[in-house]
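See structure below.
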Amino acid sequence: MVALCDQAGTVRAGEELDLARLQPFLREHFGHSGPVSVEQFPSGHSNLTYLVRLGDERVGSREVVLRRPPFGSKVRSAHDMAREYRVLSKLHAAYPVAPKALLYCDDLSILNAPFYLMEPIRGMILRRDPPPDMPFSPETARRLSEAFVDNLARLHQLDYSAIGLADLGKPQGYLERQVKGWIERYGNSKTHDLPEVEPISAWLSEHMPVSHEAALIHNDYKYDNVVLDPTDPTKIVGVLDWEMCTLGDPLTDLGTALAYWADPQDSEEFQEIRSVPTTLPGTLTRAQLVDRYAAATGRGHGLDHGLDTRDMVFYLTFARFKVAVIIQQIYYRYAQGLTQDARFAAMPERIHTLLRASWHCAESGTI
């Protein structure tokens with residue numbers, strides 16, 4: 001089962017850590033006198049994640065995970081290491097699938113950027129397709145998709161004040177600020193003239209629903225941010241990438257999950273850009289996810305607890321637009337030569353597909 005677990009590998013060119021400065025810091029705080037080695041987790045497009053090994057078999061060893069901002073990023077609010085560390089240091093005890101934070105460092109003389117360390121979470125991460133040696137039966141796919149949405153509902157039902165995160169965000173006016181902010185972020189990172197941006201922006205401003213009761217939200221909840229038990233892939237053992245966690249409208253979080261979720265009947269171009277295996281037989285559809293979430297949280301209307309379809313059209317339209325802007329910001333860094341990650345070269349096509357899907361959702365009135 002070890003082979004199914006997510007593995008770190010060679011550090012990408014231009015994203016190396018300065019071991020001459022990092023080693024003394026780690027030895028001071030963790031007490032290991034042996035060598036220090038670093039590998040990098042290959043996926044993810046934002047904050048960078050490394051596996052750091054302290055010591056060796058002879059003197060005893062330990063592994064920790066290091067998170068730092070991407071090289072060349074100008075969007076400081078999206079890469080606030082102190083904030084991400086604080087969230088995890090409060091959250092883990094109440095929501096154990098969140099990583100356990102260990103240490104925060106704001107001394108720029110170490111890595112020229114703030115960073116933090118956390119305990120590794122061992123397990124399997126699903127990306128575009130399941131591992132070939134782990135076939136997913138329809139029953140497994142169904143139970144996993146149910147666990148996925150149930151786990152999101154569990155997060156939204158936490159008492160964030162009791163956890164100590166009541167000051168994490170400003171829920172009042174959250175949705176309005178989000179819509180305005182993401183429209184502005186697109187303008188600040190624009191590299192192409194895409195015709196859908198203007199009508200989507202206008203539609204979102206005109207169709208904004210009344211915000212729901214505030215909750216602690218992840219803001220990037222999707223299959224490849226979830227760690228699964230390789231012996232039981234329907235069991236979630238970790239949730240990663242908390243950099244955008246805040247207090248806000250929980251349906252924006254559900255909308256984000258739906259934005260990454262391709263249904264079997266979706267257009268071919270949308271199916272082609274999917275990054276997670278949501279079209280496997282047995283997997284819940286977007287509509288079924290919404291129904292299950294509503295039943296789990298009681299946030300629906302009427303006896304059947306169903307969420308207002310018109311509201312979910314807005315949240316999915318907005319989420320697809322937001323994901324497109326996130327990718328646009330990443331591509332902007334690549335276009336400016338601030339990162340050399342070759343994966344970013346094909347991003348404009350993905351951005352345009354997401355914008356077309358966003359506008360289709362608004363025009364059709366369906367999710």
Is segment 111-166 rounded, prolate or oblate when judged by the Cα gyration tensor, a ≥ b ≥ c being the square roots of its eigenvalues, rounded requiring a/c under 1.5 and prolate requiring a/b larger than b/c? oblate
Accessible-area ranking of Met118, Met244, largest first, probe 1.4 Å: Met244, Met118
Let me make sure I get this right: for segment 123-255, a, b and c are the square roots of the gyration tensor eigenvalues over alpha carbons, sorted descending. Under 1.5 in a/c it's rounded, otherwise prolate if a/b > b/c, else oblate. Which is it? oblate
Please give the peptides 33-41, 109-117 ranked by average Cβ packing (other Cβ atoms within 10 Å per residue), highest first, as a rough proxy for protection. 109-117, 33-41
Spin-label zone in segment 202-234 - amide nitrogen under 13 Å from a point set 7 Å from the Cα of Ala93 along the C-beta vector: none
Working only with C-alpha atoms, what are the Rg and Dmax values of segment 231-293, expressed in angstrom? 13.4, 35
Connecting every pair of Cα atoms under 10 Å apart in the chain and solving the GNM, the largest mean-square fluctuation among Phe30, Phe318, Phe136 falls on Phe30
Compute the acute angle (0 to 90°) between the alpha-carbon long axis of helix 309-335 and the principal axis of greatest extent of the alpha-carbon atoms of the chain; round to the nearest 10°. 40 degrees
Two-site FRET efficiency, Met134 against Thr366, from Cβ-Cβ distance with R₀ of 25 Å, rounded to 0.05: 0.15
Report the full-extension gain for the segment Ser267 to Gln336: residue separation times 0.36 nm, less the Cα-Cα distance, to one decimal in nm. 21.6 nm
Between 0 and 90 degrees, rounded to the nearest ten: what's the tilt of helix 347-364 against the longest Cα principal axis of the chain? 30 degrees
Checked against a 29 Å limit on the C-alpha separation, the offending pairs among Lys190/Lys235; Lys180/Lys235; Lys100/Lys235 are Lys190/Lys235; Lys180/Lys235
If you line up the long axis of helix 19-30 against the longest principal axis of the chain, both from Cα atoms, how many degrees apart are they, to the nearest 10? 90 degrees
Give a residue-ordered list of calculated ³J(HN,Hα) values for segment 235-249 (Karplus: 6.51 cos²θ - 1.76 cosθ + 1.60, θ = phi - 60°; whole Hz; x for Gly, Pro). 9, 8, 10, x, 10, 10, 6, 9, 5, 9, 4, 7, 9, x, 5
Percent of Cα-Cα pairs per 5 Å bin, from 0 to the last occupied bin, for segment 152-196, please list those. 5, 16, 16, 17, 14, 11, 10, 7, 4, 0
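The values are calculated or read from the model by the stated rules, or taken from the named source; none is laboratory data. The structure presented is a predicted model; accordingly, all values stated were derived computationally and were not measured. Using ideal geometry, Cβ is built from the backbone for each residue, glycine included, and neighbour counts are taken over all protein chains shown. With ligands, DNA and RNA removed, areas are computed over all heavy atoms of the protein, side chains included. Shrake-Rupley method; radii C 1.70, N 1.55, O 1.52, S 1.80 Å.
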